[in-house]
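The values are calculated or read from the model by the stated rules, or taken from the named source; none is laboratory data. Keep in mind that this is a model prediction, so the values were computed, not measured. Neighbour counts run over all protein chains shown; Cβ positions are idealised from the backbone, glycine included.
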Amino acid sequence: MGFFDGPYYVDALMDSISWTGTTGAPATVSYSFVSSPFISGTPLTTNQQSAALASMALWSNVANITFVVDDSNQGGNADILFAQSQLGGSTLGVTSYTISGTTILGVDIRMDVDETGYTAGNSGFLTEMHEIGHALGLDHPGHYGGTTSPPFLSAAEDNSDHSVMSYFDGTYTNSVLFPSTPMIYDVAAIQFLYGANTSYHSGNDTYVLDSNAAGSCLWDGGGNDTLDASAYSLGATIDLRASINNVTSIGANHMWMALGANIENATAGNGNDTIHGNELANILHGGGANDSLMGNEQNDQLFGDAGRDFLQGNMGNDVLFGGDDNDTIWGGKDNDDLEGQLGADSLSGDLGNDTINGGDQNDSMLGGAGRDVMNGNQGNDTILGGDDNDDIHGGQGNDSLNAGTGVDTIAGDKGNDILVGGTGNDNFVFSTESGIDTVQDFVSGDHLWVSSAVYGSASTVISHSTVVGSDTVIDWGVGNQVTLIGYTHLSTTDIFII
């Protein structure tokens, strides 16, 4: 591909040159800190050399560029020569090229002798990354004094949040804390020139977030990986989506996922955290406090853990665990498994054939569209089946069950329950421990499914039923009964023994 055949943000950083003379091909580049007599100035200080080495490593981590030291001929044979000198004015670094066509033949990088701060997040370190970016073929993303040709980034994007090749501060990366790595557009551009380094961190890695770190862009070559903020009580935003618009933030640390970087999992700490999954199958843990966890496209596992959490599965067959306290859980599209666990939870399956379990307290459950299996378990639960043919169990406690539309199966189980079949021919299930229940809309076409442990035949059920006003009351024995509201002509065709 040509130098301007990439996305707009890559084209804006192209200088139409590379060490191979083309794009997408790996390169090996030599360097030397031995300056005289081949480059004007004096040798870099120890701190400057350390920053140069760290900066070269950052570029080679993300792209197929290999840097090798070459001090032969007093360093004169190296591709890149480093030195420092008095540059004057506001100039912090200068890069000069020798080129042939589109191929870089040699580069001199000179740092200003008055520049300071050669650790990550400081001005000197940023300047070294910037100048090495030039040495590899990257250009400024804007029309800086007429020295750069278009295309350019827009004014809104021409800043250090997007690229270390920019002269302008970003929202998150600025004079308080400068970028500590090549940023998201830099990574895309350098990978366009030399190919992506997929061997870097290609195993199963855990990245422990540092709340004091400077802004950065994370590249990962593969494996099953995790962002870990579990050590913090600060409220964190963890976003696994690779986009300039999606940033992970904790304390002073703001980090973007490089385009093409695949991070699967995230673990938050004890603050009120927000976690966004990506297009992969994610495992997300909220930790303590009140968290918001959002899955995305694949089959995700979301764990609210402690606190009052909001969990949203979105697309894919997701498993969502509320954990402790009162949680709000929404399945989204596809076939999801929602587990309220402890606390009084609100659970909504939405689309798909979902399995929804309430947990130990008074839960509110909505099946939505699809054939759902719903269990209130303990507590006094309110359950609405929604569309399609649902299987609804109240569990223990005094529950209110409304199956909605469809041919549904409804069992109040233990406790004194209120049962509504809704539209469609529904089946109401009773056993020896059904409690004192009420069916509010039993009509012809609905059925009573009676455990054989209660009565062995439909005629026996009829013999234990009594019409009371406009209702039918059936005595199951041992204090258990059901009242069929507004239904007085119960017959054996209404009853199945199971």
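Considering only residues of the range 42-67 that are β-branched (Val, Ile, Thr) and closer than 18 Å to Ile190 by Cβ, which is surrounded by the fewest Cβ atoms within 10 Å (Cβ to Cβ)?
The extreme case among them is Thr66.
Being in contact (Cβ under 8 Å) with a residue 12 or more places away in the chain, surrounded by fewer than 24 Cβ atoms within 10 Å (Cβ to Cβ), closer than 20 Å to Asn317 by Cβ and in the same structural domain as Gly479 (by TED's automatic domain parsing) narrows it down to one of Asn389, Asn427, Asn402, so name that one.
Just a single option satisfies the conditions, and that option is Asn389.
Residue by residue through the range 405-424, note down the ones that are among the β-branched types (Val, Ile, Thr), buried (at least 19 other Cβ atoms within 10 Å of the Cβ) and within 17 Å of Gly370 (Cβ to Cβ).
Of everything in the range 405-424, those that are among the β-branched types (Val, Ile, Thr), buried (at least 19 other Cβ atoms within 10 Å of the Cβ) and within 17 Å of Gly370 (Cβ to Cβ) turn out to be Thr409, Ile410.
Does Glu115 count as of a type outside the set (Gly, Ala, Ser) and either touching a helix residue (DSSP H, G or I) at 6+ places or on another chain (Cβ under 7 Å) or farther than 22 Å from Asp169 by Cα (or both)?
Yes; evaluated as a whole, the condition is true for this residue.
Scan the range 353-373 residue by residue and report those that are farther than 15 Å from Ile410 by Cα and hydrophobic (A, V, I, L, M, F, W, C).
Across the range 353-373, the qualifying residue is only Ala369.
Of the residues that make up the range 483-491, is at least one touching a helix residue (DSSP H, G or I) at 6+ places or on another chain (Cβ under 8 Å), crowded, with 16+ Cβ neighbours inside 10 Å and on the phi < 0 side of the Ramachandran plot?
Yes, because at least one residue in the range 483-491 is touching a helix residue (DSSP H, G or I) at 6+ places or on another chain (Cβ under 8 Å), crowded, with 16+ Cβ neighbours inside 10 Å and on the phi < 0 side of the Ramachandran plot.
In the list Asp300, Asp291, Asp337, which residue meets the criterion of being buried (at least 18 other Cβ atoms within 10 Å of the Cβ), out of contact with any Gly (no Cβ under 7 Å at 6 or more places or on another chain) and not assigned by TED's automatic domain parsing to the domain that holds Val407?
Asp337
Going through Ser90, Ser36, Ser50 one at a time, which residue ends up being out of contact with any helix residue (DSSP H, G or I) (no Cβ under 7 Å at 6 or more places or on another chain), under 26 Å from Tyr167 (Cβ atoms) and assigned to a loop (DSSP other than H, G, I, E, B)?
Of Ser90, Ser36, Ser50, the one residue that is out of contact with any helix residue (DSSP H, G or I) (no Cβ under 7 Å at 6 or more places or on another chain), under 26 Å from Tyr167 (Cβ atoms) and assigned to a loop (DSSP other than H, G, I, E, B) is Ser90.
Could you check the range 374-428 for strands (runs of 3 or more DSSP E) lying wholly inside it with 1 or more residues that are more than 20 Å from Asp494 (Cα to Cα)?
382-384, 391-393, 400-402
For the range 93-124, enumerate the residues that are surrounded by 17 or more Cβ atoms within 10 Å (Cβ to Cβ), outside any strand (DSSP E or B) and of a type in the set (A, V, I, L, M).
Answer for the range 93-124, where residues must be surrounded by 17 or more Cβ atoms within 10 Å (Cβ to Cβ), outside any strand (DSSP E or B) and of a type in the set (A, V, I, L, M): just Ala120.
Going by what's in this entry, would Trp59 be described as modelled with pLDDT of 95 or more and within 18 Å of Thr119 (Cβ to Cβ)?
So Trp59 passes the test.
Are any of the residues in the range 131-145 touching a strand residue (DSSP E or B) at 6+ places or on another chain (Cβ under 7 Å), in a loop (DSSP other than H, G, I, E, B) and under 20 Å from Ala57 (Cα atoms)?
Yes, the conditions are met somewhere in the range 131-145.
Within the range 175-186, is even one residue surrounded by 15 or more Cβ atoms within 10 Å (Cβ to Cβ), under 31 Å from the mean Cα position of the chain (by Cα), of a type in the set (A, V, I, L, M) and modelled with pLDDT under 95?
Yes.
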